[in-house]
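The values are calculated or read from the model by the stated rules, or taken from the named source; none is laboratory data. Predicted model, so just to flag it, every value in this text is computed and none were measured. So basically every Cβ, Gly included, is an ideal-geometry build from the backbone, and we count neighbours across all protein chains shown.
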Amino acid sequence: MEQSVQFFKTRDGVQIAYATLGEGRPLVYATGWPVHLQIE
């Protein structure tokens, strides 16, 4: 499986990166410190 990193921009201009991988029910994983999604 290959991870897909995408970006979302909020109305106030903040850019948020998120990654998707696999199938099934969504799982939200919030880290305690901003890190690079591809090495997390």
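Taken over the stretch 8-25, the residue count meeting the criterion of being surrounded by 10 or more Cβ atoms within 10 Å (Cβ to Cβ) and hydroxyl-bearing (Ser, Thr, Tyr) is 2. Scanning the stretch 8-32 for residues that are among the basic types (Lys, Arg) and modelled with pLDDT of 95 or more returns Lys9, Arg11.
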